[in-house]
Each structure stands twice: as structure tokens, then as C-alpha cells.
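Colleague: Quick one: the structure is below, questions incoming.
The values are calculated or read from the model by the stated rules, or taken from the named source; none is laboratory data. This structure is a prediction, so every number in the text was calculated from the model and none was measured. As a convention, Cβ positions derive from the backbone with ideal geometry for all residues, glycine included, and neighbour counts pool all protein chains shown. Surface accessibility is based on the protein's heavy atoms, side chains included, excluding ligands, DNA and RNA. Shrake-Rupley method; radii C 1.70, N 1.55, O 1.52, S 1.80 Å.
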Amino acid sequence: MMENEVINLFKTYQETSEYNLLVSFKGRLSQEVLTELGSMIRTSLSTESKIKKIFAVFIELAQNMLHYSAERKINEEQKEAGVGILIVRENSVGYHVASGNLVLNEKIEFLTERIQKINSMSKDELKSFYQQQLRSERPEDSKGAGVGLIDIARKSDGPLVFRFDKLDGKLSFFTISAFFTKEN
């Protein structure tokens, strides 16, 4: 039996003093959880002009985690679902939408090359690349059209920021973040 312990929320509170944490979730995603988190974002950002873009990027990152996380758990419908972390935070200049989850080390090179290619493109080039990807064959391990990262880059106000923290010979923790400047 686990015993009760004091959780140092003050440390977390201090660490988050430089920004407003709008949404934070860690665990197994489900459609119900995603719906609730989406409602929280809509409520928190109701006056923000970029709410649709921020919300769309949040959903895309959540779906990537749901479908591609190497850490899987069985949900209520007895289906496998991805496990990870999602955060939406606000500071004085804008909003960060980020996700993190485990990936197989063999995916690192592909993800790195893909994101670097996307980050090197202008908005017009991203639009053309997006259209090209929609018309091409779906990658064999893709759950969609392979346009998620492109769409995130098209909607965000800067390059995608990412990192890999190697855990062992098989897995790494992949973090990706998109940024949106405040307009009001």
C-alpha cells in the first residue's frame, strides 16, 4: 500500500511564475479528455484572435501523441491509446503549445529531418508542400495524410522547436513546441 506523501506544489508554483499555465495534462489520452481540455482552452483564450489556430495546433499535437507515442495504455473502449504530456502556456508575448511523449530511437532521424525541412520553408512553400503531401500516398506507418507537422508549422508564428531526451537504447522522450504571438 502506498502511503500519503506531501507533494511540493510550491516548487511547481515557483517554477511556473513566469507564465500562466492554461492547460496541463499528463497521461493516457481519450476523446473525452481531449474534449474537456479543448473546452478549457476555448474558455481561457476566448478573447484571443488566434484561438482557432492555437486550438487546431493543440488538437494536432494531441492526436500525434494519441497515435504515435511509444508508450501505450488500453482505454475504456479496450483500444490502445498514446501516453504523454500536453501543455498550453501564456507569457507576456504569446502562447506556447507543446507536447511530449516517448518515441522509438529509430524514429529520431526521420522526425529531425522532417521538422528541419519544415522549419526551412516559407509560409508559401509550406502551403505547396502541404498540398503535395495531401495528393501523395500515405506513409505506411501514418494514421493520417502525413501533414500534421506541416499544418502546425503553417499555423504557428515561428519555427517548430523540438528536442529528444534519450532514455535508453530503445526509447527517447520527444518534445515539440509551437509558438503564437499575442496580437491584442
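Colleague: Only residues that are outside any loop (DSSP other than H, G, I, E, B) and open to solvent by 40 Å² or more (accessible area, probe 1.4 Å): list them for the range 145-170, please.
Modeller: Listed by number, the residues that qualify are 154, 155, 161, 162, 163, 164, 165, 166.
Colleague: Now for a different question. Spot the failing condition for residue 65; the list is (1) exposed (fewer than 13 other Cβ atoms within 10 Å of the Cβ); (2) in contact with a Ser or Thr (Cβ under 7 Å, 6 or more places away or on another chain), and only one is missed.
Modeller: Result: residue 65 fails condition (1) only.
Colleague: Next question, about the same structure. Condition test on residue 73, is it among the charged types (D, E, K, R) and buried (at least 18 other Cβ atoms within 10 Å of the Cβ)?
Modeller: Values: among the charged types (D, E, K, R): yes; buried (at least 18 other Cβ atoms within 10 Å of the Cβ): no.
Considered against the rule, which asks whether it is among the charged types (D, E, K, R) and buried (at least 18 other Cβ atoms within 10 Å of the Cβ), residue 73 comes out as no.
Colleague: Also, quick follow-up: Take the range 78-90 and flag every residue that is within 16 Å of residue 35 (Cα to Cα) and either open to solvent by 20 Å² or more (accessible area, probe 1.4 Å) or part of a helix (DSSP H, G or I) (or both).
Modeller: Scanning the range 78-90 gives 85, 87.
Colleague: Scan the range 68-89 for residues that are under 20 Å from residue 151 (Cα atoms), touching a helix residue (DSSP H, G or I) at 6+ places or on another chain (Cβ under 9 Å) and not β-branched (Val, Ile, Thr) and report the count.
Modeller: Total meeting the criteria: 2.
Colleague: Is it true that residue 87 is without any contact (Cβ under 8 Å) to a residue 12 or more places away in the chain and under 22 Å from residue 181 (Cβ atoms)? Let's see the steps before the verdict.
Modeller: Values: without any contact (Cβ under 8 Å) to a residue 12 or more places away in the chain: no; under 22 Å from residue 181 (Cβ atoms): yes.
No, not satisfied.
Colleague: Give the number of residues within the range 10-41 that are within 30 Å of residue 70 (Cβ to Cβ) and part of a helix (DSSP H, G or I).
Modeller: Of the residues in the range 10-41, the ones within 30 Å of residue 70 (Cβ to Cβ) are 11-12, 15-16, 19, 21-41.
The next check asks that each one be part of a helix (DSSP H, G or I); those that pass are 11-12, 15, 31-41.
Number of matching residues: 14.
Colleague: Moving on to the next point. Looking at the structure I just gave you, is residue 64 part of a loop (DSSP other than H, G, I, E, B) and either of a type in the set (S, T, N, Q) or farther than 18 Å from residue 88 by Cβ (or both)? Reasoning before the result, please.
Modeller: Values: part of a loop (DSSP other than H, G, I, E, B): no; either of a type in the set (S, T, N, Q) or farther than 18 Å from residue 88 by Cβ (or both): yes.
It is false that residue 64 is part of a loop (DSSP other than H, G, I, E, B) and either of a type in the set (S, T, N, Q) or farther than 18 Å from residue 88 by Cβ (or both).
Colleague: Hey, any hits in the range 45-56 for a residue that's in contact with a Gly (Cβ under 7 Å, 6 or more places away or on another chain), part of a helix (DSSP H, G or I) and over 27 Å from residue 181 (Cα atoms)? Talk me through it step by step, then tell me what you get.
Modeller: Quick first cut of the range 45-56, residues in contact with a Gly (Cβ under 7 Å, 6 or more places away or on another chain) only: 55.
Add one more test, that the residue is part of a helix (DSSP H, G or I), and what stays is 55.
Then drop every residue that is not over 27 Å from residue 181 (Cα atoms), which leaves none.
Among the residues of the range 45-56, not one is in contact with a Gly (Cβ under 7 Å, 6 or more places away or on another chain), part of a helix (DSSP H, G or I) and over 27 Å from residue 181 (Cα atoms), which makes the answer no.
Listed here are the residues, each with its yes/no results for (1) in contact with a helix residue (DSSP H, G or I) (Cβ under 7 Å, 6 or more places away or on another chain); (2) of a type in the set (D, E, K, R).
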site	(1), (2)
4	no, no
23	yes, no
26	no, yes
31	no, no
34	yes, no
39	no, no
44	no, no
49	no, no
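Colleague: While we're looking at this one, here's another question. In the range 1-60, which residue that is touching a Phe, Trp or Tyr at 6+ places or on another chain (Cβ under 8 Å) and open to solvent by 70 Å² or more (accessible area, probe 1.4 Å) is farthest from residue 97 (Cα to Cα)?
Modeller: The selected residue is 42.
The rows are residues; the columns are (1) more than 17 Å from the chain's Cα centre (by Cα); (2) under 28 Å from residue 166 (Cα atoms).
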{"position": "38", "(1), (2)": "no, no"}
{"position": "47", "(1), (2)": "yes, no"}
{"position": "60", "(1), (2)": "no, yes"}
{"position": "82", "(1), (2)": "no, yes"}
{"position": "86", "(1), (2)": "no, yes"}
{"position": "127", "(1), (2)": "yes, no"}
{"position": "130", "(1), (2)": "yes, no"}
